[in-house]
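**Student:** Sharing a structure below in structure tokens format, with a few things to ask.
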Amino acid sequence: MGCDLMGCGLRGRDLRGGGVSEQTATPQAQWSTTVTPVVAAATTLCAATALAGVIDGMRWLGYAGIAVIVVAAVGLGLRAMRTPTLVVGLSQMVALLCLLVALFTNSGVLGLLPGPAAVAELGDVLRSSVEAVRVGVPPVPPSAPVLCLVVIAIGLVAVLVDTLAVAAGTPAACGLVLLCVYAVPASLADDLLPWWSFVLGASSFAALLAVDGTHRHQLWRNRPQLPSTGTGFGSPVAMVSSALVLGLLAGGLVTGIGTVGSLPGGSGGGGRDGGLALKPFTALRGMLDQGSNVELFRVRGLGNESRYLRAMTLPRYDRNGGWIAADALADDISANGDLPPAPGDDGAGTITRVEIEPINSQDLWAPVYGIPRRLSDVPDGLFYDRSGGMVYSRNSRKLPKYVEDADLSQPTANDLRASGADFGEIDPVYLAADGIDTQVVRLADELTRDQPTMFDKTLALQEYFSLANGFRYQTQTGAASDEDALKEFLFGAKVGYCEQYASAMAILARAAGIPARVAIGYTAGFQSGDYRSITTQDAHAWVEVFFPDQGWVTFDPTPLSDGRAYEPPYVSTDLSTDPSTGASEDEVPTGAGSSTAAPRDNLPDPADPAANAPAPTEGDGSWPWQAWTALGLALLAVLGAALARSARVRVGVVGAAAVGVLALFFLLSIVSWWLSVLLLVVAAAAIPAGVRGWLRTERRDAILAQSAAAPTAAWAELMAESWDRGADTPESDTVRTAARRLAKEHSLDEHSKQALRTVVGSVERSWYGGRTTHEPELALAFDQVVQGMRRNSPLDWKSRLLPRSVMRPRKKRSADLGD
């Protein structure tokens, strides 16, 4: 052996000296760029569970998980190719953008790449997400705009955490980023964030610090095993866990956590002084926009009815001030007990008992549903105004929880068409049309001239405010409130808030001789557990029209598109009836059965991938079949991997990994089948690299076992590493000649050459000398040669993904087989 490999140097046994520690640091650095990103991704996902306090259900967690996986996978792949840090971060954000295009648009190039159309479509989703944040009250439903925000927010957090933990090597700084993830939902949610989210976040952050500490310890001490002090006092796990416990205790005893004011069982209160009230008038501007979102009422017993909660009605139109309340309200009927029938009401109809609990409402009005028949548990000093259908007090007050027995039955379109024109039951103020501009009167006449009944006239007026006629809903308008603003809304900009729509339609109805009034109250809110939550963002205005023998009937011209609108059955069924179908008016559904019909504006958009994705229906808590399939396969994969590792059967581990990929396939299909197919493509592309890793591990295990086949395995792996780098060794070369060629082709340094001499000597003694004794120095020398090749002759990305030793394996020499 002597000096054949470019001069004499250290013998194989001397490789355990000082020169080795310098080179063995590289495997640990590579380990840190594979383990640390995975732990950082898991930490981000655990912190994201804080969003459970502000988003309903757990469907959003799948979207967050996909975003984190994409960011981590791109980082792992690019760092494996030694890509600069800046390029890695930019690539992760580009991948995140492609994910957004795939999930929330249908216009992407190849369904994935962001073209102009996809960017415009994504912009529309983002604008909807801004509106969802503005009007939503936690927990908000997982709509497409909300899920889009989740993917963006958690994806960007994942990029930042990955950069700090891996590229910058400062995982402790990630704590500030993760703290922001908790701070946002904590500031929005009225209820406490789930305790398990804090535990998951703190535990995963401690694990991230422990991984970083372990890596630094290994680099310092050059020890492959985990440090024994990793769980002792002063370790990252102990310190973070202690900080979590102390923080929760201090938060519960001193400051309170969340807006509720304390931990469960505490006595803090999150209420506010006073309350919020509706203004008793509506001008031609957004007077119902209360600014911050505050819960006002909790309603129980309404079931699936998405009815409007009426607080007051406005009978008078003032051309200079909009709609205003009556001069005086009747105070001869106490609101506590049975209530007399309202005008046009025959007293019949099914009674629904509704419980209304004011939370932050302090007002003159006690809102009611439908036609109130009886009120219970209301304090003294409240009165029922039969003409206006209102329950009111002389002084603003915060009411206790009260119960309403309400008639929620609805007339049919036939009933309304059959109504007469006897308005003797109502106050003449509801027909007053003084001061209406002649241009507005002409418009009302044009819209209703050819309609046969008052009901058809009312429908024609409501349809005028459709999107097809250029009207747009907007939450902020100008400050003007005179007749010029009305004309600008009807004939000019056609942009307005609910007051503009309700005011304008009621004025047109008055101009057409139809008795109408403006109603002020709230939309149905959202379901939260066993009650419906109504907030300031649900404040709304609509129109009520009087029909003899039917009473006051609701019409809403405002084109709401956020799921809060209510379209009564007599409107939806009549407008959806096509004469060509042969359906008669007798077939129009009636009563409460139609109360669950979805408004046309709220039907799912076929182009919305989130709306079409399989998801549990609201409140049922069920999982789609893909989730159960994925769970079963994941459990099978974990069990198979555990058994295979205990039995040291590597084929079983590979099989378990394949089952795990299949589980992930079904899990991704819940969001998008396109992503599932993409996963299979990526998995198929990774097969050559996986096979190469398998062979490398098999040979490495044989070397570590110090068996008689160890030299053969070491030489085969060195030739495979050389072949992967494009160096071809002729069949006629001897072991020594091949070793000299390997050292030259891959620019091995002196330490690596010394190690190669040791490997060559072991191979020669095994093949030609018949030696079968163990050679402990072989494993260390083999590692030294491999590290020298990787350091001085690194593989490019193509050679990593498609290794030549797998794609075009060399023919084995007889000596390679141990002959």
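**Student:** Full-extension gain between W625 and L113, please, as 0.36 nm times their residue separation minus the C-alpha to C-alpha distance.
**Tutor:** 181.3 nm
**Student:** May I ask you to derive the FRET efficiency for A421 and W195 from their Cβ-Cβ distance with R0 = 56 Å, giving the value to the nearest 0.05?
**Tutor:** 0.30
**Student:** What's the FRET efficiency of A120 with L704 using the Cβ-Cβ distance as r and R₀ = 56 Å, to the nearest 0.05?
**Tutor:** 0.45
**Student:** Could you compute the net charge surrounding D450? Neighbours are other residues with a C-beta less than 11 Å from the C-beta of D450; K and R count +1, D and E count -1.
**Tutor:** Around D450, the surrounding residues sum to -1.
**Student:** Just rank C174, C98, fewest to most, by other beta-carbon atoms within 10 angstrom.
**Tutor:** Exposure proxy ranking, most exposed first: C98, C174.
**Student:** Using Cβ counts within 10 Å as a stand-in for footprinting exposure, how do Y317, Y63 rank, fewest first? Please list the in-between numbers first.
**Tutor:** Numbers: Y317 23, Y63 27.
Lowest count first: Y317, Y63.
**Student:** On to the next question. How would V125, V638 line up from fewest to most surrounding beta-carbon atoms within 10 angstrom?
**Tutor:** Values: V125 20, V638 14.
Least crowded to most crowded, the residues run V638, V125.
**Student:** If R0 is 60 Å, what FRET efficiency do you get for M93 and F491 from their C-beta distance, rounded to 0.05?
**Tutor:** Result of the calculation: an efficiency of 0.80.
**Student:** Output ³J(HN,Hα) for the stretch 524-532: one whole-Hz value per residue in order, computed from phi by the Karplus curve 6.51 cos²θ - 1.76 cosθ + 1.60 with θ = phi - 60°, and x for Gly and Pro.
**Tutor:** 6, x, 9, 6, 9, x, 9, 9, 9
**Student:** Then there is this: All other residues with a Cβ under 15 Å from the Cβ of I154 taken together, and with Lys, Arg as +1 and Asp, Glu as -1, what is their net charge?
**Tutor:** Values: positive: R59; negative: D162.
It works out to a net charge of 0.
**Student:** Quick one: length gained pulling D327 to R127 fully straight, 0.36 nm per residue minus the C-alpha distance?
**Tutor:** 67.8 nm
Read-outs: derived from the displayed coordinates by stated rules, not from any lab. Computed from a prediction, not measured in an experiment: that's the story for all the values here. Cβ coordinates were reconstructed from backbone atoms using ideal geometry, including for glycine residues, and neighbour counts include every protein chain displayed.
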